1. Taking amide hydrogens as modeled 1.01 Å from N in the peptide plane, which residues meet the under 5 Å criterion relative to ASN118, leaving out close sequence neighbours?
2. Provide the per-residue ³J(HN,Hα) series for the stretch 312-318, in order, calculated from phi with Karplus coefficients 6.51, -1.76, 1.60 and θ = phi - 60°, each as a whole number of Hz, with x at glycine and proline positions.
3. In nm², what is the average projected area of the convex hull enclosing the Cα atoms of the stretch 9-56?
4. Once amide H atoms are built 1.01 Å from N in the peptide plane, which residues 5 or more positions from ILE364, or in another chain, come under 5 Å H to H?
5. So how many Lys-Lys pairs in the stretch 42-102 land under 19 Å Cα to Cα, not counting same-chain pairs under 8 apart?
6. Which percent of the accessible heavy-atom area of the stretch 9-56 goes to carbon and sulfur, probe 1.4 angstrom?
7. Give a residue-ordered list of calculated ³J(HN,Hα) values for the stretch 146-152 (Karplus: 6.51 cos²θ - 1.76 cosθ + 1.60, θ = phi - 60°; whole Hz; x for Gly, Pro).
8. With θ set to phi - 60° and the Karplus curve 6.51 cos²θ - 1.76 cosθ + 1.60, what are the ³J(HN,Hα) couplings of the stretch 289-303 in order, to the nearest whole Hz, using x for Gly and Pro?
Amino acid sequence: IHSCCYLSRRLNQLSSHDPLWKRHCKKYWLISEEEKSQRNQSWKAIFISTYSDLGRYIRYYATLKKAWDDLEKYLGQRCPRMIGSLKESVREEDLDAVEAQIGCKLPDDYRCSFRIHNGQKLVVPGLMGSMALSNHYRSEDLLDIDTAAGGFQQRLGLKQCLPLTFCIHTGLSQYMALESVEGRNKYEIFYQCPDQMARNPSAIDMFITGTSYLEWFTSYVNKVVTGGYPIIRDQIFRYVHDKECVATTGDITVSVSTSFLPELSSVHPPHYFFTYRIRIEMSKDALPEKACQLDSRYWRITNAKGDVEEVQGPGVVGEFPIISPGRVYEYTSCTTFSTTSGYMEGYYTFHCLYYKDKFFNVTIPRFHMVCPTFKVSTARMIELGCVCASTESFLKETNHNEYAVDEDEDSTDTDEYEDRRRVLDIPAPSGRCPRHT
């Protein structure tokens, strides 16, 4: 409109009508009335000056700015120290310099996000979520542009991949592919997963976490600000809760949330590691004589092949918690599957404190665990002689069972290694959880 206005007097008059620009300022740049007053400019002037700076991001800016604003507001009330770790925006020339340094173009949605916030400092807790087990701790920082550029990969297996996150405890990163090489789609985001059965060190499988930066970041923020991920001790924990995964027995309600741990998992050999968080709560309206103590647990564990394992043992996390009206008991545990999915269900056995000879079972709802989408490394397929000149010949000549995941192992319950929520103060771990040593 601004350019065309010079061709017509009427169009020129229309283009000077400030309310017309107000709508665009709010839609594309999220400019508020308060901000307009502070800048002491017309809506037209604000739109033109903003467009001159951020015009290449007009498709992404409003979505990403809203996501950042929502995240800051939510965390400001719950994790204020995390907000303090965020860095100020970078300039266009800074992003251009990074592109020249790594020799690859950065996607516009990624660049746009860094025009709003340049990631965060390397601190704990990380903005992109935490996870804690008995001796394993992960917290992912969103890398600033210079640190990300310093970690840009050109080695086989991760060729032309840029790290987006980093965990200072485990060394874990999520990467974004800047080119469509080694079987990856351009701008795909993933956790690397070294193939432990391949002779080639560049054989790296991938757990996919996003198809673009915009989708990856905004979907994560949405889960945080809608309460999809719990805030525990000023940290975002990436447990996913299925609202249907709740069971009530009398006055006691049991609910479960789960999470997949890529850093403790592998595709070859097939080993998919999940952690789950269980909440046991007695209604505050229950009678005092309903107080009870947990004696034992029973698990029925089923993998994707339908194989069933039954486990029974005393207490949970080595404890025998007492549940009374209004009290909540929470703990975390983990399990592994040799198949890409499985589910668990069972019950706790309690005895009444007032009537010590009275025992009853409390249902644990069935909860499912599913491995995220993954891709097998091209290096492994080359090693197995499975790569052909084209996709068509590959499909014709390859016996897919040659590189299919071996799913013969049984899943295992690990309540022996359960630990309560207070283990978030654990020191930095080394290696895998005890049961994997």
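The values are calculated or read from the model by the stated rules, or taken from the named source; none is laboratory data. Everything quoted here is computed from the prediction, not taken from an experiment. These area figures cover heavy atoms from the full protein model, side chains too; ligands, DNA and RNA do not enter into them. Shrake-Rupley method; radii C 1.70, N 1.55, O 1.52, S 1.80 Å.
1. LYS87, GLU88, SER89, VAL90
2. Here the 3J(HN,Hα) series is 9, x, x, x, 9, 6, x Hz.
3. On the way: hull surface 13.9 nm².
For the stretch 9-56, averaging the hull's shadow over all directions gives 3.5 nm².
4. Here GLY346, TYR347, TYR348 satisfy the definition.
5. Values: LYS65/LYS73; LYS65/LYS87; LYS66/LYS87; LYS73/LYS87.
Pairs that pass both the separation and distance tests number 4.
6. Numbers: 1550 of 3190 Å².
Carbon with sulfur: 49 percent of the solvent-accessible area.
7. Calculated HN-Hα couplings, in order: 6, 5, 4, 4, x, x, 4 Hz.
8. Using θ = phi - 60°, the values come out as 6, 7, 4, 8, 10, 6, 9, 8, 10, 9, 10, 10, 10, 10, 8 Hz.
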